[in-house]
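The values are calculated or read from the model by the stated rules, or taken from the named source; none is laboratory data. Not measured: the values here are computed from a predicted model. In this analysis, Cβ positions are derived from the backbone assuming ideal geometry, glycine residues included, and neighbour counts consider all displayed protein chains. For the accessible areas, the whole protein counts, side chains as well, though only heavy atoms, and no ligand, DNA or RNA atoms are used. Shrake-Rupley method; radii C 1.70, N 1.55, O 1.52, S 1.80 Å.
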Amino acid sequence: MTIAEQVAHSLLEIGAVALRPNDPFTWASGLKSPIYCDNRLTISYPKVRQLICEGLVELIKANYPDVEVIAGTATAGIPHAAWVAEKLNLPLIYVRSKPKDHGQGKQTEGVLKPGQKVVVIDDLISTGQSVLGAVQAVQKADATAIGVAGIFSYQLSAAEVNFREAALPLHTVTNYSTLIRVAKTENKVSETELEILKKWRQ
C-alpha cells in the first residue's frame, strides 16, 4: 500500500472519516455530503499521526525543497505542523483564523522574517478558502507562501479554482478518490454506494 492508501485506511479505521452515501451529513455550509471528515481525531493515535507526518514530510521534500518555515493553521493544523517542523528541523509558526483583538493584533505567531519561504499545513481541504486566508496572513507579514500541504482533500472543483486563482500549489497526503477506492476494497461500501460517492464529487 502507498502512504496515501495507508492514511486513507487509517482515517476509516479510527472513524476520522465516516461515509454515509444513503443518509448524507449536512455540513456547516448547508451542503449535503455523503462524507464527514474529522482529522482532529488523528492526534490521539500515535501510529496514525506518525504515518501522516511521514506523508507530509515526503511531499514537502518532493514538492517544496526550498522551504524555510513550516506554518500550521489554527487549530487543527498546528500539531501536524509541529511534528513536521521537528522532522525537517525547521522553524515553526502558526496562523490564527483572524488577527488577535488585543496586544499587538498579530495573526501569525512565532518568528517569521521577511522573504522567508513558508509551507502552510492544514488538516483538511474542502474549498481551500480558510487555508488561503492563512496564506494571505503569511504574505502580509512579508514572507513568501510557496505552497500548501494537507492531510486530506475532498477534491472539490471549488478548491481547484481557488488555488489556481491564488497561483499556489496544493499537495495532500491522501484524498477523496483514494479513500473511496480503499473503502470499496475493504468492503466498507457497496458498488451502488461507490457510484453515489463518485457522483457526489462530480
Report task. Among 52, 107, 26, pick out the residue whose Cα is farthest towards the positive end of the charge dipole of region 1-130, where Lys and Arg carry +1 and Asp and Glu carry -1 on C-beta, about the Cα centre. Result -> 107
**Report entry** Kirkwood Rh and Cα Rg combined as Rg over Rh, evaluated for region 51-132
**Finding:** 0.97
Query - Probe 1.4 Å, all protein chains present, accessible-area order of 38, 123, 66, 142, largest first - result: 142, 66, 38, 123
Query raised in the report: Stretch residue 202-residue 111 to full length: gain in nm at 0.36 nm per residue minus the Cα-Cα span?
Result: 28.6 nm
Requested in this report: First measure r as the distance between the Cβ atoms of residue 187 and residue 97, then evaluate 1/(1 + (r/R0)^6) with R0 = 35 Å and state the FRET efficiency to the nearest 0.05.
Outcome: 0.35
Query raised in the report: Among 180, 7, 128, whose Cα lies farthest out toward the positive end of the dipole of the chain, if unit charges sit on the beta carbon of Lys, Arg (+1) and Asp, Glu (-1)?
Result: 128
Query raised in the report: Say R0 is 30 Å: what FRET efficiency, to the nearest 0.05, do residue 23 and residue 129 get from their beta-carbon distance?
Result: 0.65
**Report entry** Cα lying deepest toward the dipole's positive end in the chain, options 43, 138, 148, charges on Cβ
**Finding:** 138
**Report entry** For the chain: accessible area per residue (Å², 1.4 Å)
**Finding:** 51
Report task. Excluding residues on the same chain fewer than 8 positions from residue 32, give the lysines whose Cα lies under 25 Å from its Cα. Result -> 184, 188, 198, 199
Query raised in the report: About the Cα centre of the chain, what is the dipole size in debye to 20, counting +1 per Lys and Arg Cβ and -1 per Asp and Glu Cβ, all else neutral?
Result: 280
**Report entry** From phi via Karplus (6.51, -1.76, 1.60), per-residue ³J(HN,Hα) for region 54-62 in Hz, x at Gly/Pro
**Finding:** 4, x, 5, 4, 4, 6, 5, 4, 6
Report summary line: In degrees, nearest 10, the alpha-carbon axis of helix 191-201 is tilted away from the dominant principal axis of the alpha carbons of the chain by 30
Requested in this report: Note down the relative contact order for region 81-195 as a percent, whole number, built from C-alpha pairs under 8 angstrom at least six residues apart.
Outcome: 20
**Report entry** Listed residues 183, 149, 167, most fluctuating in the chain (Gaussian network, C-alpha, under 10 Å)
**Finding:** 167
Requested in this report: Working from Cα positions, state the angle (0 to 90°, nearest 10) between the long axis of helix 176-185 and the longest principal axis of the chain.
Outcome: 40
Query - Under the Karplus curve 6.51 cos²θ - 1.76 cosθ + 1.60, θ = phi - 60°, whole-Hz ³J(HN,Hα) for region 149-164, x wherever Gly or Pro sits - result: 10, x, 7, 9, 10, 6, 6, 6, 4, 4, 5, 4, 5, 4, 6, 5
Query raised in the report: Based solely on its DSSP helices, what 222 nm [θ] is calculated for the chain when runs of n ≥ 4 H residues each add -39,500 (n - 2.57) and the sum is averaged over all residues, nearest 500 deg cm²/dmol?
Result: -12500 deg cm²/dmol
Query - Ranking by accessible area, most exposed first, for 112, 11 with a 1.4 Å probe - result: 112, 11
Query raised in the report: So how tilted is helix 78-88 from the main axis of the chain? Cα-based, degrees 0 to 90, rounded to 10.
Result: 70
Report task. With a 1.4 Å probe and every protein chain kept in, tell me what percent of the accessible surface of the chain is carbon plus sulfur. Result -> 49
